[in-house]
Amino acid sequence: MAGEWIKFEASTPEKQEVFSITVAMGWDDPDLTVGKLLKVWRWFDQQTVDGNAPRVTSALMDRIIGVTGFAEAMCDVGWLISNEDGLSLPNFDRHNGETAKKRALTAKRVAKHKGNAKGNGDANAAGVTGALPKEEKRREEKKEDDNSASAAAAAVVVVDLDPAEPDGPRAAPMPPREDPPESVDPATILSVALRKLGVNATFAHPTVQDWATRKVPMAVLHAAVATAREQKGPDAKIPPNYLVRIVEDLLNPPAASTTAYGKPPAAPIQIRKPTGMDPKGTDESYEEFDARIAAAEAARRKGSNP
């Protein structure tokens, strides 16, 4: 077959893993997940030999896919493996690579050949006398085998990756789609927003559920992520639990026990008022009253000295 292509199982859109990834991403349309999965599988098929991508991180794969958190969601269902060495695609040799493609083409070619042979036999059946009982039994067994082979080949869909190639089958063009409807679940909305900030959060995480229930403002979460970035670095992974203490401090700041200079606040200044001295009324200012007090104290000290 001409052109680049990958093997795609017809039952994939209904698999439980697809639904789990869709829910983790906060989407309502599994078709959107299938499209992103095809993008991942195509990249591994074209850029790797054995399904191993050294030094490729989940963040880089998200950039390739075009959505944050998708690689992590694939890891959660076991369809992608992430470790310190990079990323790897499980069962790569079963579905990808030249060997897997040859097996898929062979199965499809054999099924087609058997289908043609069956059609020729039916066309010539009118001119053939009735079969003996033993031969009839063998024919029925062969018919069952043909049906099984045809069903197995029908379960494999070949997706052409070269739209410019005029030869060979291609996947039918997908109709234009509108953006999937936004979820109304507060935890899902919050988890999507956190993933855009680089936080590895899912809607089912207890911390995310708690913030959604308490209706923690997004401004507080933005500030908490910024603080965490200063502590862990701009590219570090931030789990929700790391933000718990920061968020609580932002929501309930500790009472200030010192001044801006790091010293306890001074006691309020008391107005000096010696016995027998009172302000002369509203006509005397505080400075004048303070000057009279200072003069009285100076006179008292002068009188007490020998």
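General remarks:
- Neighbour net charge for Ser20 - beta-carbon separation under 13 angstrom, K R +1, D E -1: -3
- Highest mean first, the peptides 220-226, 24-30, 81-87 sorted by other C-beta atoms within 10 Å per residue fall in the order 24-30, 220-226, 81-87.
- Over the range 189-251, the pair-distance histogram of Cα-Cα distances with 10 Å bins from zero comes to 23, 63, 14 percent, rounded to whole numbers.
- Separation in nanometres of the label points that stand 7 Å from Cα toward Cβ, at Arg214 and Lys39: 3.5
- Calculated FRET efficiency for the pair Ile189/Asp93, C-beta based, R₀ 35 Å, to 0.05: 0.30
- Highest-first packing order for the peptide set 235-248, 67-80 is 67-80, 235-248, based on the mean count of other beta carbon atoms within 10 Å.
Quick note: the coordinates plus some simple rules give every number you see, no bench work behind them. Here the structure is a predicted model, which is why all the values come from computation and not from measurement. Positions of Cβ are generated from backbone atoms using ideal geometry, with glycine treated the same way; all protein chains shown enter the neighbour counts.
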